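Student: Dropping the structure in here first, questions after.
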Amino acid sequence: MLRDMEAQGISIVLNDFSAGYTTLSTLTELPVKAIKLAMNITQKAPTSRSDFRLFRHLVGMAHQLHLDLMAEGVENYETHTLMLATGCTHSQGYYYSRAMPFSDFANLLGKEPRWLEYPLGLEYLAQTDLVDFRRDIIKTALIIYTDKDKGVRERALARLPELDSRKSLLGRWYENIEYRNKEKESYRQLGIELEKFHELSNTLLEQVSSGEKWDEIYRTISLFSEASITIMELIQGFEIKELLDYFKI
(Lines give C-alpha, C1' and ligand atoms only; values in the text may rest on other atoms or scores of the structure.)
Protein backbone atom coordinates (compact mmCIF):
# COMPACT_ATOMS: atom_id res chain seq x y z
CA MET A 1 0.00 0.00 0.00
CA LEU A 2 2.83 2.40 0.83
CA ARG A 3 4.53 1.69 -2.49
CA ASP A 4 1.27 2.35 -4.34
CA MET A 5 1.01 5.69 -2.53
CA GLU A 6 4.61 6.54 -3.42
CA ALA A 7 3.91 5.73 -7.07
CA GLN A 8 1.17 8.37 -7.02
CA GLY A 9 3.59 11.02 -5.81
CA ILE A 10 2.77 10.88 -2.10
CA SER A 11 5.83 11.21 0.14
CA ILE A 12 6.02 8.83 3.12
CA VAL A 13 7.46 10.26 6.34
CA LEU A 14 8.35 7.94 9.22
CA ASN A 15 7.37 9.53 12.51
CA ASP A 16 9.16 9.07 15.88
CA PHE A 17 12.09 7.15 14.41
CA SER A 18 14.09 5.32 17.14
CA ALA A 19 10.92 4.77 19.21
CA GLY A 20 8.51 1.84 19.28
CA TYR A 21 8.91 -0.75 16.54
CA THR A 22 11.10 1.26 14.18
CA THR A 23 14.42 -0.37 13.38
CA LEU A 24 17.29 0.48 11.07
CA SER A 25 16.09 -2.05 8.50
CA THR A 26 12.82 -0.08 8.23
CA LEU A 27 14.70 2.63 6.34
CA THR A 28 15.55 0.34 3.43
CA GLU A 29 12.47 -1.90 3.51
CA LEU A 30 9.87 0.88 3.24
CA PRO A 31 9.61 3.63 0.57
CA VAL A 32 10.38 6.34 3.09
CA LYS A 33 11.18 9.89 1.89
CA ALA A 34 11.98 11.37 5.30
CA ILE A 35 12.21 10.47 8.97
CA LYS A 36 11.27 12.45 12.05
CA LEU A 37 13.69 11.70 14.86
CA ALA A 38 11.98 11.08 18.20
CA MET A 39 12.41 13.98 20.60
CA ASN A 40 14.11 11.87 23.28
CA ILE A 41 17.10 11.55 20.90
CA THR A 42 17.07 15.25 20.00
CA GLN A 43 16.76 16.51 23.56
CA LYS A 44 19.54 14.26 24.85
CA ALA A 45 21.98 15.48 22.18
CA PRO A 46 23.26 18.49 24.22
CA THR A 47 23.71 16.47 27.41
CA SER A 48 26.70 14.22 26.73
CA ARG A 49 29.36 13.23 24.23
CA SER A 50 27.70 9.88 23.50
CA ASP A 51 24.21 11.34 23.01
CA PHE A 52 25.56 14.06 20.71
CA ARG A 53 27.50 11.53 18.64
CA LEU A 54 24.42 9.33 18.35
CA PHE A 55 22.38 12.27 17.06
CA ARG A 56 25.15 13.33 14.67
CA HIS A 57 25.53 9.84 13.21
CA LEU A 58 21.78 9.46 12.75
CA VAL A 59 21.85 12.68 10.72
CA GLY A 60 24.75 11.31 8.69
CA MET A 61 22.98 7.99 8.16
CA ALA A 62 19.84 9.69 6.85
CA HIS A 63 22.01 11.85 4.59
CA GLN A 64 23.77 8.79 3.14
CA LEU A 65 20.40 7.16 2.43
CA HIS A 66 19.12 10.30 0.64
CA LEU A 67 16.48 10.80 3.32
CA ASP A 68 15.38 14.12 4.76
CA LEU A 69 15.57 14.19 8.55
CA MET A 70 13.56 16.34 10.93
CA ALA A 71 14.58 16.71 14.56
CA GLU A 72 11.58 16.80 16.88
CA GLY A 73 11.60 18.56 20.23
CA VAL A 74 13.96 21.49 19.60
CA GLU A 75 13.06 23.69 22.54
CA ASN A 76 16.06 25.96 23.06
CA TYR A 77 18.83 27.79 21.21
CA GLU A 78 21.52 25.32 22.30
CA THR A 79 19.73 22.36 20.70
CA HIS A 80 18.98 24.46 17.61
CA THR A 81 22.66 25.29 17.05
CA LEU A 82 23.77 21.70 17.67
CA MET A 83 21.27 20.56 15.07
CA LEU A 84 22.71 22.92 12.47
CA ALA A 85 26.25 21.86 13.37
CA THR A 86 25.46 18.29 12.33
CA GLY A 87 23.95 19.24 8.97
CA CYS A 88 20.36 18.61 10.06
CA THR A 89 18.33 21.27 8.23
CA HIS A 90 14.75 20.46 9.35
CA SER A 91 13.36 20.70 12.84
CA GLN A 92 10.30 21.44 14.90
CA GLY A 93 9.79 22.44 18.50
CA TYR A 94 8.86 25.13 20.98
CA TYR A 95 12.04 27.07 20.24
CA TYR A 96 10.38 28.17 17.01
CA SER A 97 6.78 28.30 18.20
CA ARG A 98 4.04 26.43 19.98
CA ALA A 99 1.00 25.26 18.05
CA MET A 100 -1.16 28.16 16.86
CA PRO A 101 -4.22 28.92 14.74
CA PHE A 102 -3.63 29.32 11.02
CA SER A 103 -4.25 33.07 11.12
CA ASP A 104 -1.51 33.50 13.74
CA PHE A 105 0.80 31.31 11.69
CA ALA A 106 0.21 33.47 8.62
CA ASN A 107 1.01 36.58 10.68
CA LEU A 108 4.21 34.96 11.94
CA LEU A 109 5.37 34.21 8.38
CA GLY A 110 4.55 37.80 7.43
CA LYS A 111 7.09 38.96 9.98
CA GLU A 112 9.79 36.86 8.19
CA PRO A 113 11.32 35.30 11.31
CA ARG A 114 14.98 34.30 11.06
CA TRP A 115 16.03 31.15 12.86
CA LEU A 116 18.75 30.03 10.47
CA GLU A 117 22.42 30.73 10.88
CA TYR A 118 25.13 29.64 8.49
CA PRO A 119 24.79 25.80 8.58
CA LEU A 120 28.42 24.73 8.77
CA GLY A 121 27.21 21.18 9.26
CA LEU A 122 26.54 20.95 5.52
CA GLU A 123 30.22 21.57 4.79
CA TYR A 124 31.19 18.88 7.31
CA LEU A 125 28.82 16.41 5.66
CA ALA A 126 30.34 17.25 2.27
CA GLN A 127 33.81 16.51 3.61
CA THR A 128 32.60 13.18 4.99
CA ASP A 129 30.94 12.40 1.65
CA LEU A 130 34.26 13.05 -0.10
CA VAL A 131 36.19 10.68 2.19
CA ASP A 132 33.50 7.99 1.90
CA PHE A 133 33.35 8.26 -1.89
CA ARG A 134 37.13 7.96 -2.26
CA ARG A 135 37.28 4.98 0.09
CA ASP A 136 34.39 3.15 -1.60
CA ILE A 137 35.79 3.64 -5.11
CA ILE A 138 39.32 2.50 -4.25
CA LYS A 139 38.12 -0.45 -2.16
CA THR A 140 35.80 -1.61 -4.94
CA ALA A 141 38.53 -1.21 -7.54
CA LEU A 142 40.89 -3.38 -5.50
CA ILE A 143 38.23 -6.05 -5.02
CA ILE A 144 37.55 -6.20 -8.75
CA TYR A 145 41.28 -6.26 -9.52
CA THR A 146 42.16 -9.06 -7.07
CA ASP A 147 39.04 -11.24 -6.67
CA LYS A 148 38.06 -13.55 -9.50
CA ASP A 149 34.73 -14.56 -7.93
CA LYS A 150 32.02 -13.10 -10.18
CA GLY A 151 29.51 -12.85 -7.35
CA VAL A 152 31.91 -10.94 -5.11
CA ARG A 153 32.71 -8.52 -7.92
CA GLU A 154 29.04 -7.93 -8.75
CA ARG A 155 28.16 -7.27 -5.12
CA ALA A 156 31.07 -4.83 -4.84
CA LEU A 157 29.77 -2.92 -7.87
CA ALA A 158 26.24 -2.90 -6.44
CA ARG A 159 27.53 -1.17 -3.29
CA LEU A 160 29.12 1.69 -5.19
CA PRO A 161 27.95 5.26 -4.55
CA GLU A 162 26.33 7.27 -7.34
CA LEU A 163 29.05 7.87 -9.95
CA ASP A 164 27.32 10.68 -11.85
CA SER A 165 28.76 13.97 -10.58
CA ARG A 166 25.34 15.63 -10.79
CA LYS A 167 23.58 12.93 -8.76
CA SER A 168 26.19 12.07 -6.15
CA LEU A 169 25.93 13.42 -2.61
CA LEU A 170 28.79 15.80 -3.35
CA GLY A 171 27.18 16.95 -6.58
CA ARG A 172 23.85 17.61 -4.87
CA TRP A 173 25.58 19.64 -2.14
CA TYR A 174 27.44 21.63 -4.81
CA GLU A 175 24.19 22.54 -6.56
CA ASN A 176 22.53 23.48 -3.27
CA ILE A 177 25.18 26.09 -2.44
CA GLU A 178 25.07 27.70 -5.89
CA TYR A 179 22.70 30.49 -4.85
CA ARG A 180 25.27 32.08 -2.56
CA ASN A 181 28.47 31.13 -4.37
CA LYS A 182 27.83 31.13 -8.13
CA GLU A 183 29.81 34.34 -8.72
CA LYS A 184 32.89 33.06 -6.94
CA GLU A 185 35.85 31.73 -8.89
CA SER A 186 36.44 29.12 -6.18
CA TYR A 187 32.91 27.78 -6.76
CA ARG A 188 33.52 27.37 -10.48
CA GLN A 189 36.86 25.72 -9.76
CA LEU A 190 35.19 23.30 -7.37
CA GLY A 191 32.74 22.32 -10.11
CA ILE A 192 35.62 21.55 -12.47
CA GLU A 193 37.42 19.50 -9.83
CA LEU A 194 34.28 17.53 -8.97
CA GLU A 195 33.78 16.64 -12.64
CA LYS A 196 37.39 15.47 -12.89
CA PHE A 197 37.10 13.53 -9.62
CA HIS A 198 34.08 11.58 -10.85
CA GLU A 199 35.61 11.02 -14.29
CA LEU A 200 38.69 9.52 -12.63
CA SER A 201 36.51 7.23 -10.52
CA ASN A 202 34.88 5.89 -13.69
CA THR A 203 38.25 5.53 -15.40
CA LEU A 204 39.63 3.56 -12.45
CA LEU A 205 36.69 1.15 -12.43
CA GLU A 206 36.96 0.66 -16.19
CA GLN A 207 40.69 -0.08 -15.89
CA VAL A 208 40.30 -2.75 -13.21
CA SER A 209 37.34 -4.31 -15.04
CA SER A 210 39.29 -4.58 -18.30
CA GLY A 211 42.42 -5.99 -16.65
CA GLU A 212 44.65 -2.94 -17.21
CA LYS A 213 48.25 -3.19 -16.01
CA TRP A 214 48.87 -2.27 -12.38
CA ASP A 215 51.13 0.68 -13.26
CA GLU A 216 48.26 2.42 -15.07
CA ILE A 217 45.81 1.59 -12.30
CA TYR A 218 48.17 2.97 -9.67
CA ARG A 219 48.66 6.13 -11.72
CA THR A 220 44.89 6.69 -11.84
CA ILE A 221 44.57 6.05 -8.08
CA SER A 222 47.26 8.68 -7.49
CA LEU A 223 45.46 11.24 -9.69
CA PHE A 224 42.17 10.36 -7.99
CA SER A 225 43.71 10.97 -4.56
CA GLU A 226 45.25 14.28 -5.66
CA ALA A 227 41.85 15.43 -6.92
CA SER A 228 40.34 14.46 -3.56
CA ILE A 229 42.89 16.61 -1.71
CA THR A 230 42.15 19.59 -3.96
CA ILE A 231 38.39 19.27 -3.40
CA MET A 232 38.85 18.99 0.37
CA GLU A 233 40.89 22.21 0.38
CA LEU A 234 38.22 24.01 -1.66
CA ILE A 235 35.41 22.83 0.65
CA GLN A 236 37.31 23.97 3.72
CA GLY A 237 37.97 27.27 1.97
CA PHE A 238 34.19 27.79 1.67
CA GLU A 239 33.84 26.98 5.35
CA ILE A 240 36.44 29.56 6.40
CA LYS A 241 35.05 32.24 4.07
CA GLU A 242 31.52 31.75 5.36
CA LEU A 243 32.75 31.97 8.95
CA LEU A 244 34.48 35.27 8.22
CA ASP A 245 31.36 36.61 6.49
CA TYR A 246 29.05 35.42 9.26
CA PHE A 247 31.05 37.10 11.99
CA LYS A 248 31.80 40.13 9.76
CA ILE A 249 35.55 39.75 10.20
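Student: For segment 54-77, which residues satisfy the criterion of being of a type in the set (A, V, I, L, M, F, W, C) and in a helix (DSSP H, G or I)?
Tutor: Matches in segment 54-77: LEU54, PHE55, LEU58, VAL59, MET61, ALA62.
Student: Could you check segment 1-29 and list, in sequence order, the residues that are at pLDDT 90 or above and more than 15 Å from LEU69 (Cβ to Cβ)?
Tutor: Listed by number, the residues that qualify are MET1, LEU2, ARG3, ASP4, MET5, GLU6, ALA7, GLN8, GLY9, ILE10.
Student: Kindly provide the set of residues from segment 156-200 that are over 23 Å from HIS63 (Cβ atoms), in contact with a helix residue (DSSP H, G or I) (Cβ under 7 Å, 6 or more places away or on another chain) and either of a type in the set (A, V, I, L, M) or not assigned by TED's automatic domain parsing to the domain that holds GLU239 (or both), ordered by number.
Tutor: Within segment 156-200, just LEU200 meets the criteria.
Student: Take the residues in segment 1-56 that are loosely packed, with under 14 Cβ neighbours inside 10 Å and of a type in the set (Asp, Glu); name whichever of them is nearest to GLY121 (Cα to Cα).
Tutor: For segment 1-56, the residue satisfying everything is GLU29.
Student: So in segment 64-81, with the set limited to residues that are in contact with a Gly (Cβ under 8 Å, 6 or more places away or on another chain) and of a type in the set (D, E, K, R), which one is surrounded by the fewest Cβ atoms within 10 Å (Cβ to Cβ)?
Tutor: GLU75
Student: Follow-up. Quick one: how many residues across segment 231-249 are part of a helix (DSSP H, G or I), β-branched (Val, Ile, Thr) and either loosely packed, with under 15 Cβ neighbours inside 10 Å or not assigned by TED's automatic domain parsing to the domain that holds LEU194 (or both)?
Tutor: 1
Student: Among all residue pairs at least 6 apart or on different chains, which show Cβ distances below 8 Å where the first residue, located in segment 135-163, is closer than 21 Å to ASP215 by Cβ and touching a residue at least 40 places away in the same chain (Cβ under 8 Å) and the second is basic (Lys, Arg) and not in a helix (DSSP H, G or I)?
Tutor: Pairs that qualify, where the first residue is closer than 21 Å to ASP215 by Cβ and touching a residue at least 40 places away in the same chain (Cβ under 8 Å) and the partner is basic (Lys, Arg) and not in a helix (DSSP H, G or I), are THR140/ARG159.
Student: Where in segment 87-206 are there helices (runs of 4 or more DSSP H), lying fully within it, with 1 or more residues that are within 30 Å of GLY73 (Cα to Cα) and hydrophobic (A, V, I, L, M, F, W, C)?
Tutor: 102-110, 120-146, 169-176
The values are calculated or read from the model by the stated rules, or taken from the named source; none is laboratory data. In this text, all values refer to a predicted model and were calculated from it rather than measured experimentally. Glycine also receives a Cβ, built like all others from the backbone with ideal geometry; neighbour counts cover every protein chain displayed.
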